[in-house]
1. Pairs only if they're at least six apart or on different chains, beta carbon under 7 angstrom, first in the range 17-38 and closer than 13 Å to Lys4 by Cβ and touching a residue at least 24 places away in the same chain (Cβ under 8 Å), second assigned to a helix (DSSP H, G or I) and of a type in the set (Lys, Arg); list them, first residue then second.
2. If I filter the range 96-125 down to residues being in a loop (DSSP other than H, G, I, E, B) and open to solvent by less than 100 Å² (accessible area, probe 1.4 Å), which single residue comes out as modelled with the highest pLDDT?
Amino acid sequence: MRTKMRIMGFNAEAVKPLNEGAAAELGAELLGEAIIFVTACSCLLIEYRRQQAQRHRKELERRASWDALRDEMGHLALALEALQAQVQATPAKGTLEELRKELREVRAQLQADPDPDQLPEPLED
């Protein structure tokens with residue numbers, strides 16, 4: 001009874017002693033409440049740690065996903081640079097058409113005049 005009065009904030013010295021049956025009943029009630037309180041606190045603590053672990057796992061997954069996207073973006077940037085270099089290395093369509101036209105002209109001249117002395121000079125770069 002003194003413990004109960006102290007918890008409630010009363011002066012525990014002024015409490016009359018209880019008989020044995022009432023003391024046992026109050027003690028059992030206090031013990032039951034303490035067990036329920038400890039069990040509830042344990043459940044709260046376990047749930048808090050579970051949620052914390054789940055949040056940590058999701059954060060790791062998010063970071064892994066972000067890193068994978070960043071790596072993929074780097075690979076795509078390298079592929080884009082390679083394709084741009086390849087496109088720049090190929091002759092332009094207009095240049096290619098000009099070379100084809102010159103080739104036709106040379107073929108036409110060769111077919112029209114088979115004399116080797118009158119062959120056109122090779123093209124220089």
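1. Short answer, once both residue conditions are applied: Leu26/Lys4; Leu30/Lys4.
2. Applying the filter and picking the extreme gives Asp113.
The values are calculated or read from the model by the stated rules, or taken from the named source; none is laboratory data. Note that the coordinates shown come from a computational prediction; the quantities given were computed from them, not determined experimentally. All Cβ positions, glycine included, derive from the backbone under ideal geometry; neighbour counts span all protein chains shown. Heavy atoms of the whole protein, side chains included, go into the accessibility calculation; ligands, DNA and RNA do not. Shrake-Rupley method; radii C 1.70, N 1.55, O 1.52, S 1.80 Å.
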